[in-house]
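Worksheet: one structure, shown below.
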Amino acid sequence: MIIKSATFVVSNTKVSALPLPDMPEYAFIGRSNVGKSSLINMLVNVQGLAKTSQRPGKTQLINHFLINEKWYIVDLPGYGYAKVSKSSREKWEKFIRNYLTKRENLQCVFVLIDSRLEPQKIDLEFCSWLGECQIPFALVYTKADKQSAPKTDQNVAKFNKTLLGWFEEVPPFFVTSAEKGQGKEKVLQFIHEVNEDFVKPEIDPQFYSNSNTV
C-alpha cells in the first residue's frame, strides 16, 4: 500500500462526536511510552502527524487521522501510566472501553508491545479483555532496533506463548522499528487486505447527529 495522504481530522472523548463510521478504522494503543506516535508517523511517512512527547501519558484523547481519503488511523491514550490520578485514569478507561466496544467500523486494534521487555501483566490483561469482548486485535512489537534480533525474537516468543494460555492461537503480530522502518510494509499490507473486505455498517444518524464529517 502506498500512502498518498494522511491528515488530522479530530480529537474527542465521545464516540457520538467522532467522524461517521463509514470507512474502515484501525486503533493503536499500548502502554505509555511504547513508541505509539513514532510508529504511526513511520507508517504514514509524515513526521509530526501524531504528536510525540517525552512525557508519558500526554495523549488523553481519541485522535483520528484520515489516510488516503479511504480509512482511519486512531491514536488512543496509553494505559498503565502510574502518575495520573485515579479519577483521570478511570475516566480515560471508560471512554476507551466505550470507543472499543461501540465503534461500528473498527476493524482491528493494534496493541503495541515493547519488544525489549519480558511479558507485562498489564499488556496480557488488556489482550485478554479484547478477546473476551471479541474485538479483533493484532500485536505490534516496537523498538526492535534497540536490541539484538535474537533478544527481540526471544521476548516475542515469550509473549506469544503466554497468550496461548488465554487464546487458541496467537493473533497476527508484527515486529517493528519506527527509526528503521522495519515492519512498515507488513502492517500496511495487513490493513490493505482487511480493507478489501470492509462492509459499511448501518449508521444511526441520530446517534452521530453531532458528528464531525470530513
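Placing +1 on the Cβ of every Lys and Arg and -1 on the Cβ of every Asp and Glu, with no other charges, gives the chain a dipole of roughly 1080 debye about its Cα centre. A dipole drawn for the chain from +1 and -1 charges on Cβ atoms has a positive end, and of A144, F198, P21 the residue lying farthest that way is A144.
A simple count of charges around V175, restricted to other residues whose Cβ falls under 14 Å of its Cβ and scoring Lys, Arg +1 and Asp, Glu -1, yields +3. Calculated accessible area for the chain comes out at 52 Å² per residue, all protein chains present (probe 1.4 Å; ligands, DNA, RNA ignored). Restricting the GluC sites (Glu not before Pro) of the range 146-190 to loop positions (DSSP other than H, G, I, E, B) with no more than 15 neighbouring Cβ atoms within 10 Å leaves E168, E169, E179. Rank I73, C133, M42 by how far each Cα sits towards the positive end of the charge dipole of the chain (+1 on Lys, Arg Cβ; -1 on Asp, Glu Cβ) and give me just the farthest. Comparing the listed Cα positions along the dipole, M42 ranks first. Filter the trypsin sites (Lys or Arg not before Pro) in the range 120-169 down to the DSSP loop ones having no more than 13 other Cβ atoms within 10 Å, then list what survives. Within the range 120-169, no trypsin sites (Lys or Arg not before Pro) qualify (loop, at most 13 other Cβ atoms within 10 Å). Averaging the sequence gap over all C-alpha pairs within less than 8 Å and six or more residues apart, then dividing by the number of residues, gives the chain a relative contact order of 28 percent. With a cut-off of 13 Å between beta carbons, the residues surrounding V10 carry a summed charge of -1, where Lys and Arg count +1 and Asp and Glu -1. Here r is the Cβ-Cβ distance between A157 and I3 and R0 is 25 Å; the resulting FRET efficiency, rounded to 0.05, is 0.20. The antiparallel fraction among DSSP beta bridges confined to the chain stands at about 40%. When a 1.4 Å probe is rolled over the protein heavy atoms, the share of accessible surface on the range 6-196 that falls to carbon and sulfur comes to 48 percent. The residues neighbouring T142, those whose beta-carbon lies less than 13 Å from its own, together hold a net charge of +3 under the Lys/Arg +1, Asp/Glu -1 convention. With viscosity 1.002 mPa s and temperature 20 °C, the Kirkwood radius over alpha carbon pairs of the chain converts through Stokes-Einstein to a diffusion coefficient of 122 µm²/s. Among the listed pairs K143/K184; K4/K200; K4/K180; K94/K161; K14/K94; K94/K200, which are separated by more than 18 Å between their Cα atoms? From K143/K184; K4/K200; K4/K180; K94/K161; K14/K94; K94/K200, over 18 Å: K4/K200; K4/K180; K94/K161; K94/K200.
The values are calculated or read from the model by the stated rules, or taken from the named source; none is laboratory data. These numbers were taken from a predicted model, which means no experiment stands behind them. We place every Cβ from the backbone using ideal geometry, glycine too, and count neighbours over all the protein chains shown. The protein model used for the area step is the full one, side chains on, heavy atoms only, and it has no ligands, DNA or RNA in it. Shrake-Rupley method; radii C 1.70, N 1.55, O 1.52, S 1.80 Å.
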